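Asker: Pasting a structure below so you can have a look.
The values are calculated or read from the model by the stated rules, or taken from the named source; none is laboratory data. Because the structure is predicted, anything quoted here is derived from the model rather than measured. Here the Cβ positions follow ideal geometry from the backbone for every residue, glycine too, while neighbour counts run over all protein chains shown.
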Amino acid sequence: MSELSANLAEIEARIHAACDRSHRDRSSVELIAVSKTFPVESIREVAAGGHRVFGESRLQEAELKIPDLPSGLIWHFIGRLQRNKVRRILPLFPVIHAVDSLRLADYMDGVAGELGLFPKVFLQVNLAGEDSKGGFDPALLREQVDELMALQRVEVIGLMSIPPAVEDPELSRPWFVQLRELRDELESRAGVAIPALSMGMSGDFEVAIEEGATHVRVGSSIFGKRAYRVDGELG
């Protein structure tokens, strides 16, 4: 077994254990292997082991890598989304993780209509109000949830958040609880299902699963240490 295959197997075992502790089925958690900055060869090796879901955060990098990889892979865009790149991102990425404003979602909805696409998106929430991170203020999201859920092409499937950086993953637990509770409140307020929660990375994904994460973003624990940091807060 190669090093990457062994890493993936270890992450899978930890996901299974976290699901067991929280009395959840393993199938309720999607592992996104965050492949940003890593070469095509490494992604191909992980895919050869049966993994199909990968995350990238830089369009220019993804545009070079994705065509060289198996067509059956599923790509999630996990970087900060810029309006001027939406038209190029949507055909490559069926799932988007960091929609941070109604204005952006509305623009994406229009472009998706022109392209004949139905992207699935997560709304990023800035629970801690950190200036360094994007995302909806929870109060504003409560006000705008009906408009967001009424978009014709964009399908809001969940919420995403990045807790403040901490050494102890247990310190992230309250933030994961807050995101889950906000999701539940928005479902009740809007009268629609918002089933997914994208939360948890290499350092805290087990705690996130225990608090309801449906998607976890794990990169360095699978692929190894990055040579440099790119959007490191996203996985």
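Asker: With the condition kept exactly as written, say whether any residue in region 6-15 is in contact with a strand residue (DSSP E or B) (Cβ under 7 Å, 6 or more places away or on another chain) and surrounded by 13 or more Cβ atoms within 10 Å (Cβ to Cβ).
Answerer: yes
Asker: Quick one: K85 ticks every box in (1) of a type in the set (D, E, K, R); (2) at pLDDT 95 or above; (3) over 30 Å from M149 (Cβ atoms) except a single one, so which number is it?
Answerer: Of (1) of a type in the set (D, E, K, R); (2) at pLDDT 95 or above; (3) over 30 Å from M149 (Cβ atoms), only one is false for K85: (3).
Asker: Could you please tell me which pairs satisfy a Cβ distance under 6 Å, a separation of 6+ or placement on different chains, a first residue in region 92-116 that is crowded, with 19+ Cβ neighbours inside 10 Å and among the aromatic types (F, W, Y), and a second residue that is at pLDDT below 95 and outside any loop (DSSP other than H, G, I, E, B)?
Answerer: Final answer for the pair search is none.
Asker: Now for a separate question. Quick check: anything in region 187-200 part of a helix (DSSP H, G or I) and either modelled with pLDDT of 95 or more or crowded, with 20+ Cβ neighbours inside 10 Å (or both)?
Answerer: Yes; the residues of region 187-200 include at least one that is part of a helix (DSSP H, G or I) and either modelled with pLDDT of 95 or more or crowded, with 20+ Cβ neighbours inside 10 Å (or both).
Asker: Only one of (1) surrounded by fewer than 17 Cβ atoms within 10 Å (Cβ to Cβ); (2) in contact with a Gly (Cβ under 8 Å, 6 or more places away or on another chain); (3) not in a helix (DSSP H, G or I) fails for K36. Which number is that?
Answerer: (1)
Asker: With the requirement that a residue be without any contact (Cβ under 8 Å) to a residue 60 or more places away in the chain and either closer than 13 Å to D68 by Cβ or surrounded by 13 or more Cβ atoms within 10 Å (Cβ to Cβ) (or both), what does region 19-33 give you?
Answerer: R26 - this is the single residue of region 19-33 that is without any contact (Cβ under 8 Å) to a residue 60 or more places away in the chain and either closer than 13 Å to D68 by Cβ or surrounded by 13 or more Cβ atoms within 10 Å (Cβ to Cβ) (or both).
Asker: Restricting region 164-193 to residues that are of a type in the set (V, I, T) and without any contact (Cβ under 8 Å) to a residue 40 or more places away in the chain, which is nearest to I96 (Cα to Cα)?
Answerer: V177
Asker: Pull up region 47-63, narrow it to residues that are part of a loop (DSSP other than H, G, I, E, B) and either free of Cβ contacts under 8 Å to residues at least 40 places away in the same chain or touching a Gly at 6+ places or on another chain (Cβ under 8 Å) (or both), then point me to the one that is surrounded by the most Cβ atoms within 10 Å (Cβ to Cβ).
Answerer: S57
Asker: Still on this model: Is there a residue being among the basic types (K, R) and at pLDDT below 95 anywhere in region 102-122?
Answerer: No, there is no match, as no residue in region 102-122 is among the basic types (K, R) and at pLDDT below 95.
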